[in-house]
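Undergrad: Submitted below is the structure of interest, expressed as structure tokens.
Just so it is clear, none of the values below were taken in a lab; they were calculated from the coordinates. Please read all numbers here as calculations on a predicted model, not as lab measurements. All Cβ positions, glycine included, derive from the backbone under ideal geometry; neighbour counts span all protein chains shown.
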Amino acid sequence: DTADTIELLAYAGRQINRENSPIENVVIDLSNNGGGMLDVAVSVCAWVLGSSTLHISDVNSGAQSSTLYSFDGNLNHVFGEKEDSVNDKNIFCLISPNSFSCGNLVPAAFRSSGKVTLLGKASSGGACAVQLLSTADGTLFCISGRYRINTSNNGILYSVDAGVEPHYYLPKASMFYDRQKLTEYINSLIW
């Protein structure tokens with residue numbers, strides 16, 4: 001189902017990890033990802049990294065929480081198998097100022113892992129979880145909630161609200177979306 005991001009990750013993983021696969025590099029394009037569901041964001045992180053920890057702090061109380069996530073990439077209800085992740089590949093992630101909220105959280109987690117190379121332009125940030133509210137008459141609306149998404153370095157939580165800088169700056173949009181040019185650029189970084 002192409003509308004199901006988790007199924008798309010599982011499908012991509014099957015293609016990437018298939019027997020005799022020639023795939024060595026994986027590029028994840030978050031350059032126009034304005035955000036989305038937190039459960040999908042942590043699934044992407046766990047799929048890429050093998051496992052991923054989500055760090056949240058309560059801006060009102062100062063309470064902090066860290067939760068470890070894994071991804072069952074081959075959907076067999078067993079976690080930690082080689083087929084569950086692409087973490088043995090060279091991983092690249094495209095980011096831009098259009099990368100916001102969960103489109104910012106994922107590259108922030110990638111950058112703090114040291115396992116993924118970020119390409120593009122700095123993301124726009126966004127670190128607060130969205131809180132859904134309703135008025136008495138049933139009108140629904142969203143506001144930034146009190147929970148802030150963070151990365152961790154040496155046990156210290158850092159907000160990702162300011163955005164994430166790429167490892168390598170891509171000045172032109174044509175470099176993002178011209179597959180041949182992007183492949184040549186990535187190969188120049190690896191070799």
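Undergrad: May I ask what percent, to the nearest 5, of DSSP beta bridges between residues of the chain are antiparallel? Before the final figure, lay out the partial values.
TA: On the way: 20 of 33 bridges.
Here the share of antiparallel DSSP bridges comes out near 60 percent.
Undergrad: Here's something else I'd like to know. Relative to the longest principal Cα axis of the chain, at what angle does helix 179-190 sit, 0 to 90 degrees, rounded to 10?
TA: It is inclined by approximately 80 degrees.
Undergrad: What FRET efficiency would be calculated for the residue pair Ser21, Ser159, taking the C-beta separation as r and a Förster radius of 35 Å, to the nearest 0.05? Write down the numbers at each step before the final one.
TA: Working: r = 38 Å, r/R0 = 1.08.
Rounded to the nearest 0.05, the efficiency is 0.40.
Undergrad: Related question: Can you figure out the FRET efficiency of Leu68 with Leu189, using R₀ = 22 Å and their beta-carbon distance, to the nearest 0.05? Each step should come with its number before you reach the end.
TA: Working: r = 30 Å, r/R0 = 1.36.
The value I calculate is 0.15.
Undergrad: If I stretch the segment between Ser144 and Ser61 completely, what's the gain in nm (0.36 nm per residue apart, minus their alpha carbon distance), one decimal?
TA: Numbers: separation 83, 0.36 × 83 = 29.88 nm, distance 1.60 nm.
Here the answer is 28.3 nm.
Undergrad: Given the Cα-Cα distance of Gln180 and Lys115 and 0.36 nm per residue of separation, how much length would full extension add, in nm?
TA: 21.1 nm
Undergrad: Which of the lysines could a cross-linker span from Lys121 if the Cα-Cα distance has to be under 17 Å and same-chain partners fewer than 8 positions apart are dropped?
TA: Lys172, Lys181
Undergrad: Further question: Normalised by the residues of the chain, what does the relative contact order come to in percent, with Cα pairs under 8 Å and at least six apart?
TA: Reported relative contact order: 21 percent.
Undergrad: Over what distance in Å are the Cα centres of the range 1-78 and the range 125-191 separated?
TA: The two parts, judged by their Cα centres, are 14 Å apart.
Undergrad: Under 26 Å between alpha carbons, and skipping anything fewer than 8 positions from Lys82 in its own chain: which lysines qualify?
TA: Straight-line reach from Lys82, under 26 Å: Lys115.
Undergrad: Using the Karplus equation 6.51 cos²θ - 1.76 cosθ + 1.60 (θ = phi - 60°), what ³J(HN,Hα) coupling, rounded to whole Hz, does each residue of the range 148-157 give in order, writing x for Gly and Pro?
TA: Karplus-based 3J(HN,Hα) across the range 148-157 equals 10, 8, 9, 10, 10, 9, 6, x, 9, 8 Hz.
Undergrad: May I ask for the angle, rounded to the nearest 10°, between helix 102-113 and the longest principal axis of the chain, with both axes built from Cα atoms and the value confined to 0 to 90°?
TA: 60
Undergrad: Give the dimensionless ratio obtained when the Cα radius of gyration of the chain is divided by 2.2 N^0.38 Å.
TA: Dividing the Cα Rg of the chain by 2.2 N^0.38 Å gives 1.07.
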